[in-house]
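Data block below; observations after.
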Amino acid sequence: MLKQPNSPLRFSKTIVITILLSAFIHLLTFALAKTTLSQWRWQHIPFHSAVEVIGSVIALLVCFLLINLEQSKRGTSFNLVIAAAIGTMGVFDIAHALVKPGNLFVWLHSLATFFGGLLFAIVLLKPKFTNAISTRFVFVVLLLSLIISIVSIIFPQHVPIMVQQTRFASLATFMNMFGGIALLFAAIKLFFVYKQYKKSDDLLFILHCSMFGFAAIMFQQSFLWDVSWWGWHLLRLLAYGVALWFALQNERYLFLQLQSSNESLLQQEKATQAFLDSAKNVSQSPNNSKPRYLLASQMQLSLLTKKAILNSSQQVPNLCLVGNYAMCLAKTLPC
């Protein structure tokens, strides 16, 4: 059986290093924003939009990948919960990237963090609740996120006050702090789940939640476009990079699995064809006392082989059947 190419020890070290790096970025940008670069601002809307769109596309890609992995019983311990959370964040972040800086701008970002943390926090519930999450739930959540985003953009005058002068309002701070704390608690729960089930994919989302949690906590300490503000955007982009890593690892696993299956089938097909050629020569020999039986057996073996090769989902049982039948035919005994 092909094992998924993941090394828990390697991932554990990577997670510790990256979490420490995240904390370092947090402290460094906070220190710079309060001292040397306290007056520095870089308002570059196109660059900001590009960063948010890239992250959002990755989020939606991983969302649908997790849905597919759930159907094949692979991936994380909470595929659909994480799919709903990361997909919701992706939808709100795309909307956030499409609007001009201002009240609506902060509102949509805060919604992404708040609902992302809230949905990730579902992993804290008992298994009877998390197991009840279905694919329909994920699509309903994504649809609601899209509706809220569209309504907010159409009616910006009804959006709550999120910015006061150059500071974030208390509601914006609350939504981001709540989301950040929820994400950190989700990371802790994923860690304990990993210790129990040893699923390497859980490790990646421990890292993902931790980085988003740090970024959300940095929110209240920043001003629009300052060093700290760009610092937590960097952390969010790195967190989406971790999600992309997860997607690429699973695609690599699927490719290796398919490659291995194809090689096995080709080897079996060559061996079976060689046996059929040998049986044909025997059946055509003038000294052969059972040509009709061998010809009939050859036809039956050929049929079994074709079925085994075509039906890859039952590859092992079928190929074993072919092998057993081939042994019987080689001995010219009734099977």
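Below are the figures for this structure:
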item: Cα-Cα over 29 Å, subset of LYS34/LYS100; LYS73/LYS195; LYS198/LYS270; LYS126/LYS199; result: LYS198/LYS270
item: For PHE223, distant residues with modelled amide H under 5 Å away; result: SER228, TRP229
item: Centre separation in Å (Cα based) which lies between the stretch 138-197 and the stretch 16-48; result: 21
item: Rg to Rh, two decimals, where the stretch 121-239 supplies the alpha carbon set and Rh follows Kirkwood; result: 1.03
item: In sequence order, calculated HN-Hα J values of the stretch 187-203 (Karplus, 6.51, -1.76, 1.60; Hz; x Gly/Pro); result: 4, 5, 5, 4, 5, 5, 5, 4, 4, 7, 9, 6, 8, 5, 5, 5, 4
item: Mean Cβ neighbour count within 10 Å, used as a protection proxy, ranking 34-42, 211-219 highest first; result: 211-219, 34-42
item: Calculated from backbone phi, Karplus (6.51, -1.76, 1.60) coupling profile of the stretch 172-178 in Hz, x at Gly/Pro; result: 4, 5, 4, 4, 6, 5, 4
item: Protection proxy ranking, peptides 139-148, 105-114, 186-195, average beta carbon neighbours within 10 Å, highest first; result: 105-114, 186-195, 139-148
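Rule-based calculations on the coordinates, nothing more; no lab input. If you're wondering where the values come from, they're calculated on a predicted model, not measured in any experiment. A quick note on method: Cβ atoms are made from the backbone with ideal geometry, for glycine too, and the neighbour counts reach across all protein chains shown.
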